[in-house]
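Everything below concerns the one structure shown next.
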Amino acid sequence: MNNTTKRAYVLYAFLLAFLVGLGAMFYAFYVHGGEWTSNVVNRHIYKNGTIASAGAVYDRNKQALVYSRDGKRIYNSDPTVRKATLHAVGDTSSFIATGVQHVYNASLSGYDFVNGVYNLKKYNRGNDIYLTLDAEVCKTAYKAMNGRKGTIGVYNYKTGELVCMVSTPSYDPENKPKNMDSSDKYTGVYLNRFLSGLYTPGSTFKIVTAISALENIPDIYSREFSCNGSYSTGDGKVICNGVHGKVDFEEALNHSCNSAFAVIANELGSAKLTATASELGFNTREKIGEINLVKSRFNVSSASKTDLGWAGIGQYTTLVNPCHMLTILGGIANGGTVVKPYFVKSMVSPSGEVTELGRTETSKTVVISPENAEKMKKLLRSNVKNYYSDSRFPGLEMCGKTGTAQLDTGESHSWFVGFSAKESTPYAVVCVVENSGSGLAAAGPIVNTVMQKICG
Amino acid sequence: MAQEALNKKFNWGLMMIFVSVFQLITFTAPILADGFNIELFGVFAGYMAIEWLYFIIAAAAFKQNNFELEVIAFLFSGIGLTISASVYADFALKQLISIILGLFTFIVLLAVLRRTDVVMKLRMPVAFAAVGLLVLNLALAKYNNGALNWITLAGGRISIQPSEIVKLAFIFVGAASLDKLQSTKSIFKYLVFSIGCVGALFLMRDFGTALIFFFTFVIIAFMRSGDIRTIALVCVAAALGAMMIIYFRPTVASRFSTYRHVWEHINDTGMQQTRTLIYSSSGGLLGLGIGNGKLRDVFASTTDLIFGIVCEEWGMLTAFMIVIAYAFILIYAVKTARTTRSAFYAIATCAAAGLLLFQTSLNIFGVTDILPLTGVTLPFISRGGSSMICSWGLFAFIKSADIRTYPMLSKTILPDHPLYPPDVRVGRRSRRPLTPPPVDEPPKKKRTDKKPQSTRQTSRDIPVGKKSTGSAKKSPVKTAPGQSPRDIPISRKKTDGRAKR
């Protein structure tokens, strides 16, 4: 009898297993609750797969980009603003995976672990979210893109606030076009090219090669490169965009001389170039707020000399994310203090309680030494002053680099990356226009229009 | 004496009032959901009347002073009734009838379990009836939601799940046959019975219930034999068998393919789990309020997914308290098992409490994708008559092991019993020094004394309960009132757990 009852203590082992399971269950609810609640099938928030009730999203001037009224989601009254801010705000069916309405859905619905979505049911509205974007600037940028595909992003490199983030093609969420899935005009329409796009960087990558040269070749400024229109590595040729004759390091960057940079890349070798690329955040995952960026890729592990030459001028297999490129430029502009861009600023509950969602943060993935940042800043300023001309960017004291990324098929992508060196207008910019040829001709005017709108 | 005072002080009447207040608040929600629903009002008023009727009769007429399990059962049945009524108002009356049937089962089973001699006689008939019921089920059942575990009667108006009733028989037979003789023959008989039950459930494709039966079998077998190696062997054999079934029957394997992949099957096989997770977290710790949930619209919301409804509408805190109550019931059962009159009660209470917690685990972890979904019910809370009857029946097993349940029998505690001197607090052995009561004559030798009746008439017989030892001393030769000669005295010495015959 005693033995029998003592054996009952074995049940405590089962009890322990039960408690472990219970702990795992409530832990999962605690950790994943917000994510699960935001699922499109949750009928507290969504109706027929689209967001019905949730908080509003405002731009930096408290202009409502989207809000809910009577169980309906209503976007800004201006159709161009709707299109320009669509990728930042996100659609109501979570097709745009980086949109605030998808990523911050738990905040918008007012979810918290203690109350669930009770506040949403009670007040019929969740938390409001404030962005750092300026809807009017985005509208200007969207118009300047003029129907071409691409992206433009502008941020304050001292605070990290993104003022402009536009990805095209876009569509009007209030009048969704019917032919979106079939028409070429809307290829990749749900992709925010600024956060999730990957482009061949073309000559803008010379900034990375130049930084590596500054780090590793002490006498780089006294070097002289001769360009006769191409550079033979022994196993192939790197073609240049012109015949530049004898150029020094600064002139090579001014003219974007491929021959010179192919020589530099080969002198550095794949190990050193990869090391610099890694310091600058290539091949590394990064997030802005809760939103995942796609990681830029640089891999020359199996490259021939010619391949390495091409890689040094931003061709080969190298791919860059525009937001990442903007961060590098911001780091150069800010003298080596790399500030991460962000655009989701704060969350305000129905009772007025403010929660900070984004703040000025230095990047942990992009590292530039202050000396090299200063040198690069001078070189990039020289590009605009001596070569592109300040008349293209009046009153901005612009520094920058163009890029014309050649593709296997079709017209090249146009790049412009740069920043205003003026103390009063600390803005860095990245602009990619797909299949539009020369970087300066296509991207340059768009950058100027947007920068004038912000700084003017 | 302080212990006794503490034990007596617990005011079950007050506890019942608390339960009633809770129920008055929660019952108003479905009653007033669409204006005043007079029918639901009647159902809830009837339910509260039954609760109080039971309490008053048991406390006043039968001098019962422990109501832990009844209070829990009333509370949980009330929560289940509220949810069923608020989702399907038409089912409220049916659910109330289920609760009444459950309470009736509880009372009848308690009366039967009081008499171990009757239990022994009923053992074989119950075993045959149980197997017969399952065979009948297999013969009659129609295909129903992937399993064949339902019998439909009266033109579809009543459907019963025999396996729920057989759960009670399984424990009844298991505890009784293994209690009596540890002979190979007895164990073999029980093994055949167990294989019959589990096999029938496999044929019905009710794997959740089959697993529950297997788990219960392991508890009972281990409690009796204490042989870890044999039990491990049985478990390994079962696991191998299960693996072979999964290997040779891909249709079975596909049932479990959703496990840990529910979000990839959000609108088909993972629908129930994902909806439970989504709406449970939508409810938060405090819940959205009765009737404000959305999980109620999902298929099988008031049976399999009712845990999610509790989380969403009543809050995860309430849900946590419900499931943790089952954990405490298991602790209670293990503790009471230490002080039972016979090994039969110890095995029955542990098996019943283990079964309850195991079924609870399968239900709540199944719908939250911590374990594969097996579609078993949450005891007392889920809608359904068979499940309700089974839950109440299991509580009867647990309650029967508590020595306070049959106070008249407890009066026969002898000085050689570990519980002597009587202290009716559960699971607590008295730490008071064992001072033998004054003796007029030397105690009789226990071994020669086969007849309980004569044992009881010695002066060492100290009654338990309201009567003081003083009054007992005055009439040492009298049998305690209400005591029948067939009642079995409590003595553990040298009996090694077998009930005296």
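The values are calculated or read from the model by the stated rules, or taken from the named source; none is laboratory data. Everything numeric here is computed off the predicted structure, so don't read it as measured data. Positions of Cβ are backbone-derived with ideal geometry, glycine not excepted, and every protein chain shown enters the neighbour counts.
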| query | Among the residues of the range A:351-360, is there at least one that is surrounded by fewer than 21 Cβ atoms within 10 Å (Cβ to Cβ), within 19 Å of the chain's Cα centre (by Cα) and not in a loop (DSSP other than H, G, I, E, B)? | reply | no
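Would you be able to tell me the number of residues in the range A:313-322 that are within 16 Å of A:Ala443 (Cβ to Cβ) and either out of contact with any Ser or Thr (no Cβ under 9 Å at 6 or more places or on another chain) or modelled with pLDDT under 90 (or both)? Write out each step before concluding.
Just the residues of the range A:313-322 that are within 16 Å of A:Ala443 (Cβ to Cβ), to begin with: A:314, A:320, A:322.
Then keep just the ones that are either out of contact with any Ser or Thr (no Cβ under 9 Å at 6 or more places or on another chain) or modelled with pLDDT under 90 (or both); that gives A:314.
Qualifying residue count, the range A:313-322: 1.
Residue-wise test of (1) assigned to a strand (DSSP E or B); (2) surrounded by fewer than 24 Cβ atoms within 10 Å (Cβ to Cβ); (3) within 14 Å of chain B (Cβ to nearest Cβ).
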site	(1), (2), (3)
A:Val81	no, yes, no
A:Ala84	no, no, no
A:Thr98	no, yes, no
A:Ser107	no, no, no
A:Val114	no, yes, yes
A:Lys122	no, yes, yes
A:Arg148	no, yes, no
A:Thr159	no, yes, no
A:Val166	yes, no, no
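Out of the residues in the range A:19-35 that are within 18 Å of B:Gly308 (Cα to Cα) and of a type in the set (A, V, I, L, M, F, W, C), state the one that is farthest from the other protein chains (Cβ to nearest Cβ). Explain how you work it out, then say what you get.
Here is the first cut: in the range A:19-35, the ones within 18 Å of B:Gly308 (Cα to Cα) are A:21-35.
Applying the additional criterion that residues be of a type in the set (A, V, I, L, M, F, W, C) yields A:22, A:24-26, A:28-29, A:31.
On the way: A:Leu22: 7, A:Ala24: 6, A:Met25: 5, A:Phe26: 7, A:Ala28: 7, A:Phe29: 5, A:Val31: 10 Å.
Within the range A:19-35, the match that is farthest from the other protein chains (Cβ to nearest Cβ) is A:Val31.
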| Being touching a Pro at 6+ places or on another chain (Cβ under 8 Å), outside any loop (DSSP other than H, G, I, E, B) and of a type in the set (S, T, N, Q), is that true of even one residue in the range A:316-334? | yes
| request: With the condition kept exactly as written, say whether any residue in the range B:361-374 is in contact (Cβ under 8 Å) with a residue 12 or more places away in the chain, away from chain A (no Cβ under 11 Å) and within 15 Å of the chain's Cα centre (by Cα). | output: no
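Restricting to the range A:174-208, what's the tally of residues that are assigned to a loop (DSSP other than H, G, I, E, B), of a type in the set (Gly, Ala, Ser) and crowded, with 24+ Cβ neighbours inside 10 Å?
Of the residues in the range A:174-208, the ones assigned to a loop (DSSP other than H, G, I, E, B) are A:174-183, A:187-192, A:197-198, A:200-201.
Right, trim to of a type in the set (Gly, Ala, Ser) and you get A:182-183, A:188, A:197.
Keeping just the survivors that are crowded, with 24+ Cβ neighbours inside 10 Å gives none.
The number of residues fulfilling the criteria is 0.
Checking the conditions here, which among B:Ile309, B:Ile278 is more than 10 Å from every other protein chain (Cβ to nearest Cβ), in contact with a Lys or Arg (Cβ under 9 Å, 6 or more places away or on another chain) and either free of Cβ contacts under 8 Å to residues at least 24 places away in the same chain or hydrophobic (A, V, I, L, M, F, W, C) (or both)? Explain how you work it out, then say what you get.
Details: B:Ile278 fails: more than 10 Å from every other protein chain (Cβ to nearest Cβ).
Every option except B:Ile309 fails the conditions.
In the list A:Ser94, A:Ser53, which residue meets the criterion of being within 14 Å of another protein chain (Cβ to nearest Cβ), in a loop (DSSP other than H, G, I, E, B) and within 22 Å of A:Leu162 (Cβ to Cβ)? Explain how you work it out, then say what you get.
On the way: A:Ser53 fails: within 22 Å of A:Leu162 (Cβ to Cβ).
Among A:Ser94, A:Ser53, only A:Ser94 is within 14 Å of another protein chain (Cβ to nearest Cβ), in a loop (DSSP other than H, G, I, E, B) and within 22 Å of A:Leu162 (Cβ to Cβ).
Kindly establish whether B:Leu317 is assigned to a helix (DSSP H, G or I), at the interface with chain A (Cβ under 8 Å from one of its Cβ atoms) and either closer than 17 Å to A:Trp36 by Cα or modelled with pLDDT of 95 or more (or both).
Values: assigned to a helix (DSSP H, G or I): yes; at the interface with chain A (Cβ under 8 Å from one of its Cβ atoms): no; either closer than 17 Å to A:Trp36 by Cα or modelled with pLDDT of 95 or more (or both): yes.
Spelling it out, it is not the case that B:Leu317 is assigned to a helix (DSSP H, G or I), at the interface with chain A (Cβ under 8 Å from one of its Cβ atoms) and either closer than 17 Å to A:Trp36 by Cα or modelled with pLDDT of 95 or more (or both).
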| Quick one: would you say B:Ile347 is under 14 Å from the mean Cα position of the chain (by Cα) and either facing another protein chain (nearest Cβ under 10 Å) or over 18 Å from B:Lys167 (Cα atoms) (or both)? | yes
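Would the range A:39-53 turn up any residue that is among the small types (Gly, Ala, Ser) and without any contact (Cβ under 8 Å) to a residue 12 or more places away in the chain? Write out each step before concluding.
Restricting attention to the range A:39-53, the residues satisfying the condition of being among the small types (Gly, Ala, Ser) are A:49, A:52-53.
Remaining after also requiring without any contact (Cβ under 8 Å) to a residue 12 or more places away in the chain: none.
No, that holds for no residue.
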| task | Could you grab me the full set of residues in the range A:53-79 that are of a type in the set (Asp, Glu) and surrounded by fewer than 22 Cβ atoms within 10 Å (Cβ to Cβ)? | result | A:Asp70, A:Asp78
